[in-house]
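The values are calculated or read from the model by the stated rules, or taken from the named source; none is laboratory data. Treat the numbers as computed from the prediction; the structure is a model and nothing was measured. Glycine gets a Cβ as well: all are built from the backbone with ideal geometry, and neighbour counts include every protein chain shown.
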Amino acid sequence: MHFAHNTEQSKFIFQDYRRGDPRNQMREQGQKRIDQLAQAPIGVFDSGAGGLTILTSLRQELPNENYIYLGDTANCPYGVRGEEEIADLAIHASRFLLEQGVKLIVVACNTASQAALNILRATYTLPFVGVVPAVKPAARITKQGRIGIAATNQAIKATYLRHLIDDFASDIQVYAVGCPELVTLVERGELDGALVDATLQQAFAPLLEKEVDVIVLGCTHFPALRPAIQRVVGKKVQIIDSGTAIARRTHGVLDAEGLTRPRTAEGGNVQIWCSGDAHDFSRVASAVLGYSVVASQTTL
């Protein structure tokens, strides 16, 4: 961890030897600072409502933590934008969360993680956790040797996804499809019904024609549609996403940094923000989360 150096404080400590070993005092102050940071919230951002599926997994894994969620709805979807623009949007979203005093940021968007995670880590000093498509576990559990990946158009074309396939699924057949229309459904809060089923049938038809037995949801919006997707693709096809793995990874990073909020603390709270219309996002976020929330609006 990086802490700002306070010259006056250091001068006082090293001059006043009568109060004990200055090194012990420095250690105590450092620990106090870490304990204070442990109470700080976790920041989570996505282009819109999709990252709320990651937030759900995080709260299941780390129920005592406080969270600040930002949906950049004014610029959604990220998946149709170029990498430079996505990186710039990710930097602005991270800056907002930093201004709220977060201790760690989860980039709850596959497209932003692939395009901007390295840039974010080079720009800011706090820990970042990105989303990785669940290619590795999909390759491990397939029985037919054929898996499908559903993601945004940008994520499907990303070099990062190709590297994942080469590293973990080189010995099986992998089919990928871009499904930006699913993002649109979630951003409208349309998670079920005849229109949803028809859209899903068309989107997943290319994968089902290849007789895949595992489908990776490579966009954080898609798990919001998971019951409908399972109904459309059938029980013989296993659907996986990275939500649980990302939550565990976040837990591990917090533990390693000494930043996990104590279990003795009261259950954490959640703040929901968006860069677009707050009333509309409140409705959509409530649908995705399964309980009522009120979002606040900010300008990035």
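Tally up the residues in region 80-97 that are touching a strand residue (DSSP E or B) at 6+ places or on another chain (Cβ under 8 Å) and in a loop (DSSP other than H, G, I, E, B), please.
So in region 80-97, the residues touching a strand residue (DSSP E or B) at 6+ places or on another chain (Cβ under 8 Å) come out as 90, 93-94, 96-97.
Retained after the next criterion (residues that are in a loop (DSSP other than H, G, I, E, B)): none.
Selection size over region 80-97: 0.
Looking at (1) of a type in the set (Gly, Ala, Ser); (2) touching a helix residue (DSSP H, G or I) at 6+ places or on another chain (Cβ under 8 Å); (3) in a helix (DSSP H, G or I), which one does Ala138 not meet, given that it meets all the others?
Ala138 satisfies every listed condition except (2).
Looking at Val284, Val233, can you tell me which residue is modelled with pLDDT of 95 or more and closer than 16 Å to Ser47 by Cα?
Values: Val233 fails: closer than 16 Å to Ser47 by Cα.
Testing whether each residue is modelled with pLDDT of 95 or more and closer than 16 Å to Ser47 by Cα leaves just Val284.
Counting just the residues of region 180-193 that are of a type outside the set (S, T, N, Q) and in contact (Cβ under 8 Å) with a residue 60 or more places away in the chain, which one comes out nearest to Ile147 (Cα to Cα)?
Taking region 180-193 and keeping what is of a type outside the set (S, T, N, Q), we get 180-183, 185-193.
Narrowing further to those that are in contact (Cβ under 8 Å) with a residue 60 or more places away in the chain: 180, 183, 186-189, 191.
Details: Pro180: 19, Val183: 21, Val186: 24, Glu187: 27, Arg188: 29, Gly189: 28, Leu191: 24 Å.
Out of the qualifying residues, it is Pro180.
Name the single residue that is surrounded by the fewest Cβ atoms within 10 Å (Cβ to Cβ) among those in region 194-236 being part of a loop (DSSP other than H, G, I, E, B) and touching a residue at least 40 places away in the same chain (Cβ under 8 Å). Give the derivation first.
Filtering region 194-236 for residues part of a loop (DSSP other than H, G, I, E, B) gives 210-213, 218-221, 234-236.
Checking the rest, the ones that are also touching a residue at least 40 places away in the same chain (Cβ under 8 Å) come to 210-213, 218-221.
Numbers: Lys210: 15, Glu211: 13, Val212: 26, Asp213: 17, Gly218: 31, Cys219: 34, Thr220: 32, His221: 31.
Only one residue fits best here, namely Glu211.
Scan region 165-181 for residues that are under 20 Å from Pro223 (Cα atoms) and among the small types (Gly, Ala, Ser) and jot them down.
Within region 165-181, Ala176, Gly178 meet the criteria.
List, please: which pairs have Cβ atoms under 8 Å, are six or more places apart or on different chains, and start with a residue in region 163-179 that is on the phi > 0 side of the Ramachandran plot and at pLDDT 95 or above and end with one that is buried (at least 16 other Cβ atoms within 10 Å of the Cβ) and among the polar types (S, T, N, Q)?
Going by the 8 Å Cβ cut-off, there are no qualifying pairs.
Filter region 254-280 down to the residues that are modelled with pLDDT of 95 or more, crowded, with 16+ Cβ neighbours inside 10 Å and in a helix (DSSP H, G or I) and list them by number.
Leu254, Ala278
Suppose the filter is free of Cβ contacts under 8 Å to residues at least 40 places away in the same chain and either part of a loop (DSSP other than H, G, I, E, B) or in contact with a His (Cβ under 7 Å, 6 or more places away or on another chain) (or both); does Leu126 pass it?
Working: free of Cβ contacts under 8 Å to residues at least 40 places away in the same chain: yes; either part of a loop (DSSP other than H, G, I, E, B) or in contact with a His (Cβ under 7 Å, 6 or more places away or on another chain) (or both): yes.
Judged against the criteria, Leu126 is a match.
Considering only residues that are under 19 Å from Gly267 (Cβ atoms) and hydroxyl-bearing (Ser, Thr, Tyr), look in region 59-118 and name the one that is farthest from the chain's Cα centre (by Cα).
Restricting to residues being under 19 Å from Gly267 (Cβ atoms) and hydroxyl-bearing (Ser, Thr, Tyr), the top hit is Tyr67.
Could you please let me know if Gln154 is of a type outside the set (A, V, I, L, M, F, W, C) and in the same structural domain as Val293 (by TED's automatic domain parsing)? Please lay out each step first, then the result.
Details: of a type outside the set (A, V, I, L, M, F, W, C): yes; in the same structural domain as Val293 (by TED's automatic domain parsing): no.
So Gln154 fails the test.
Give me the pairs: first residue in region 38-56 and part of a helix (DSSP H, G or I), second residue basic (Lys, Arg), beta-carbon distance under 6 Å, and six or more apart or on different chains, which are they?
What qualifies is Ala38/Arg261.
Has region 212-226 got any residue that is under 27 Å from Gly130 (Cβ atoms) and touching a His at 6+ places or on another chain (Cβ under 9 Å)?
Scanning region 212-226 turns up no residue that is under 27 Å from Gly130 (Cβ atoms) and touching a His at 6+ places or on another chain (Cβ under 9 Å).
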